[in-house]
Amino acid sequence: MIKSLVRHANRSRKLLVLLTCGAFVASAQTLPPKKRQPTPKKVIAEHIAALNACDWNRMMAQYDDDTEFLSKDGNIVRGRVAIGKMFEKALMPPSKGGQCGMKLIPEHTVVVGDTVNVAARLCSRARAGEVLFSCTVAAALEGTAATAGAAAGSTPFLQLPQFELRGRRRPIDIWCVPAAERLTL
């Protein structure tokens, strides 16, 4: 049986690993489909829950193909496949050098990435006394105004021309709460 598997190793690599090693190696797994979370806070919660459960598939569903990860030894791990190999080792039991079974509890969260990048660029474009924001915030404000019946004293905001951001394929839609003196002009 093993001789026939060796001849067909390209098609039966996973099965061969199971028969010869008695264990399944995570790097031989197919990466799971990506599962986006609605907020950075939910991404972190899912990441920690997956680590605590030692669930490689659940863990890898959080990573995009172009993700870069700073490992505990200070190296940058680039790409979903490389990150999968890194977590394959980390999710092993302590007897095999891994950290499986360790309970992680978040104490402090720092949001980094696209959300922070867009927010920083909008802040740099705003004029004194103005607040710029994305379409997500504008939609939330419109929903709040609609449910509150656009109460007297609500803050007006207006859509600005699209904003080009380096690294983005398309410009983003932005809105503005103008400075008070601009409203009276």
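Of note:
- With respect to the conditions (1) modelled with pLDDT under 90; (2) surrounded by 14 or more Cβ atoms within 10 Å (Cβ to Cβ), Lys89 lacks only one, and its number is (2).
- Some residue of region 10-19 being within 31 Å of the chain's Cα centre (by Cα), of a type outside the set (Ser, Thr, Tyr) and at pLDDT 90 or above: no
- Screening region 27-85 for residues that are outside any loop (DSSP other than H, G, I, E, B) and touching an Asp or Glu at 6+ places or on another chain (Cβ under 6 Å) and picking the one that is surrounded by the fewest Cβ atoms within 10 Å (Cβ to Cβ) gives Ile76.
- Residue tally, condition more than 22 Å from Ala140 (Cβ to Cβ) and more than 20 Å from the chain's Cα centre (by Cα), over region 163-179: 1
- Scoring Val116 on the criteria (1) modelled with pLDDT of 80 or more; (2) not in a loop (DSSP other than H, G, I, E, B); (3) not acidic (Asp, Glu) leaves a single failure, condition (1).
- Filtering region 126-185 to residues that are farther than 18 Å from Asp114 by Cβ, of a type in the set (Asp, Glu) and modelled with pLDDT of 80 or more leaves only Glu130.
The values are calculated or read from the model by the stated rules, or taken from the named source; none is laboratory data. All of these numbers come straight from a predicted model, not from anything done at the bench. When we count neighbours, we look across all protein chains shown, and the Cβ atoms used for this are built from the backbone with ideal geometry, even at glycine.
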